Amino acid sequence: MKKLLVGATVLATLTLAACNHNQAMPTDEYAALVAEAQEKQAKSRELGNVWQQRNMKLPYVDHYLAEAEKARQESVRLAREAVKSANAQIEQSKYGAELRPGWHRD
């Protein structure tokens, strides 16, 4: 049981480290890229040259920005789930450390 708890703790630590490491870019860089794309898309609209296929609801730039926002929100949700799992593992480890078998007499 102790090995299982230690393994789960190590796994949680590695998972959180991986989530932190996989953050592709800081929020300010993301915001700067989105602002740049929106600015250039506005210029393209002024020039009357916006790329879009007939069956697309949005032009390419707007579609990619919407997909990027969905991915960002999903990554935040998954990171929150990872934190919840890590907290639960820690609580389980603390609870398990205090347990003693019923046949064990002090």
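The values are calculated or read from the model by the stated rules, or taken from the named source; none is laboratory data. Here the structure is a predicted model, which means the values were calculated and not measured. Using ideal geometry, Cβ is built from the backbone for each residue, glycine included, and neighbour counts are taken over all protein chains shown. Quick note on the areas: whole protein, heavy atoms, side chains included, nothing else; ligands and nucleic acids left out. Shrake-Rupley method; radii C 1.70, N 1.55, O 1.52, S 1.80 Å.
Among the residues of region 25-38, the ones that are of a type outside the set (Ser, Thr, Tyr) and exposed (fewer than 10 other Cβ atoms within 10 Å of the Cβ) come to 2 in all.
The residues listed here are 72, 80; of these, the one that is free of Cβ contacts under 8 Å to residues at least 40 places away in the same chain, open to solvent by 60 Å² or more (accessible area, probe 1.4 Å) and either not in a helix (DSSP H, G or I) or not hydroxyl-bearing (Ser, Thr, Tyr) (or both) is 80.
Does residue 52 qualify as being open to solvent by 60 Å² or more (accessible area, probe 1.4 Å), touching a residue at least 60 places away in the same chain (Cβ under 8 Å) and over 22 Å from residue 32 (Cβ atoms)? Working first, answer last.
Values: open to solvent by 60 Å² or more (accessible area, probe 1.4 Å): yes; touching a residue at least 60 places away in the same chain (Cβ under 8 Å): no; over 22 Å from residue 32 (Cβ atoms): yes.
Here the answer is no, as residue 52 does not meet what is asked.
Just to be sure before I move on: is residue 91 open to solvent by 80 Å² or more (accessible area, probe 1.4 Å) and either modelled with pLDDT of 90 or more or in contact with a Leu (Cβ under 6 Å, 6 or more places away or on another chain) (or both) in the structure I sent? Taking the combined requirement at face value, the residue satisfies it.
Here 11, 65 are screened, and the one residue that is modelled with pLDDT under 90 and surrounded by 13 or more Cβ atoms within 10 Å (Cβ to Cβ) is 11.
Have a look at 64, 95 and point out the one that is farther than 29 Å from residue 26 by Cα and among the hydroxyl-bearing types (Ser, Thr, Tyr). It would help to see each step written out before you state the result.
Details: 64 fails: farther than 29 Å from residue 26 by Cα.
Of the residues listed, the single one that is farther than 29 Å from residue 26 by Cα and among the hydroxyl-bearing types (Ser, Thr, Tyr) is 95.
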